[in-house]
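The values are calculated or read from the model by the stated rules, or taken from the named source; none is laboratory data. Here the structure is a predicted model, which is why all the values come from computation and not from measurement. Please note: Cβ atoms are built from the backbone with ideal geometry, for glycine as well, and neighbour counts cover all protein chains shown.
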Amino acid sequence: MKTIALAWMNYARPCPKKNELSVSRMSFRVCIACYGIRVYPYMGFMVGQQYECQDCQERMVVPLEFETEEDYRAFRQEMLGDAETSEE
């Protein structure tokens with residue numbers, strides 16, 4: 001379980017609240033096809049940001065984002081019926 005918690009920090013990015021400059025929260029990008037958390041920026045610049053899932057190679061413009069791991073796990077369980085979400 002500790003390994004999963006450490007892995008989450010690798011995929012998270014700062015997401016500051018409105019009017020809070022010094023405090024930041026983390027949000028998680030999730031693939032729209034397989035609901036995996038291994039979503040990374042693929043390209044951007046002049047055409048806009050795109051992301052790619054490292055699990056299914058899906059390219060997307062707008063990935064799903066969750067503020068907490070519990071929200072992500074609840075969504076994944078609802079969508080896939082997973083009892084345990086293991087990201088390998």
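A few remarks follow.
- Selection from region 37-61 of residues that are in contact with a Cys (Cβ under 6 Å, 6 or more places away or on another chain) and surrounded by 15 or more Cβ atoms within 10 Å (Cβ to Cβ): Val39, Cys53, Asp55, Glu58
- Residues located in region 31-74, provided they are of a type in the set (Asp, Glu) and in contact (Cβ under 8 Å) with a residue 24 or more places away in the chain: Asp55, Glu58, Glu65, Glu67, Glu69
- For region 62-88, the candidate set comprises residues that are part of a loop (DSSP other than H, G, I, E, B) and at pLDDT 85 or above; within that set, the residue that is surrounded by the most Cβ atoms within 10 Å (Cβ to Cβ) is Pro63.
- Of all the listed residues (Arg13, Arg59, Arg25), the sole one being at pLDDT 80 or above and basic (Lys, Arg) is Arg59.
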